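Each reported figure results from applying straightforward, stated rules to the coordinates on display, with no laboratory input. The structure presented is a predicted model; accordingly, all values stated were derived computationally and were not measured. Every residue, glycine as well, gets a Cβ built from its backbone with ideal geometry; the counts of neighbours run over all protein chains shown.
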Amino acid sequence: MDNTAILSSKSDYTYFKYKNTLIRFKAPYSLEYYDKILKWDNGYLVVMAKYQDEEPEEEYIDLLPILTNLYIDPDEFLKNIERVVINYD
């Protein structure tokens, strides 16, 4: 069983996918892409993000309030995720 989630972005949205659940939320308008996952901590991501006309910089994504607002139990959804990778396929 694969316990890997996927982070990506397209247009003005960030995508977080785990198994059959895809969560889409608004990204900063100037985001070009996510470059690297620096840390995964049970719903909290530290990533390197590339913005227009800038060098990649550290960015923080907290999935807990997003999951709660979508009526997804964060504890249940996140409990088996061991790592997150970036994938643009």
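Which of the following residues is more than 22 Å from Asp89 (Cα to Cα) and touching a Pro at 6+ places or on another chain (Cβ under 7 Å): Leu64, Leu78, Leu70? If you could, list the steps in order and put the result at the bottom.
Numbers: Leu78 fails: touching a Pro at 6+ places or on another chain (Cβ under 7 Å); Leu70 fails: touching a Pro at 6+ places or on another chain (Cβ under 7 Å).
None of the other options fit; the residue is Leu64.
So for the range 32-43 (the condition being aromatic (Phe, Trp, Tyr) and without any contact (Cβ under 8 Å) to a residue 12 or more places away in the chain), does at least one residue qualify?
Within the range 32-43, the subset aromatic (Phe, Trp, Tyr) is 33-34, 40.
In the following step, the residues that additionally are without any contact (Cβ under 8 Å) to a residue 12 or more places away in the chain were identified as none.
No: zero hits.
So, of the residues in the range 36-75 that are hydroxyl-bearing (Ser, Thr, Tyr) and in a strand (DSSP E or B), which turns out to be surrounded by the most Cβ atoms within 10 Å (Cβ to Cβ)?
In the first step, residues of the range 36-75 are kept if they are hydroxyl-bearing (Ser, Thr, Tyr); the result is 44, 51, 60, 68, 71.
Of the ones still in play, those that are also in a strand (DSSP E or B) are 44, 51, 60.
Numbers: Tyr44: 13, Tyr51: 15, Tyr60: 11.
That would be Tyr51.
Go through the range 5-24 and give me each residue that's of a type in the set (A, V, I, L, M) and under 15 Å from Asp35 (Cα atoms). Full working, then the answer.
Keep residues of the range 5-24 that are of a type in the set (A, V, I, L, M), which gives 5-7, 22-23.
Listed by number, the residues that qualify are Ile6, Leu7.
Being acidic (Asp, Glu) and either surrounded by 14 or more Cβ atoms within 10 Å (Cβ to Cβ) or under 21 Å from Phe77 (Cα atoms) (or both) is the filter here, so list the residues in the range 1-31 that pass it. I'd like the intermediate steps shown before the answer.
Quick first cut of the range 1-31, residues acidic (Asp, Glu) only: 2, 12.
Across the range 1-31, the qualifying residue is only Asp2.
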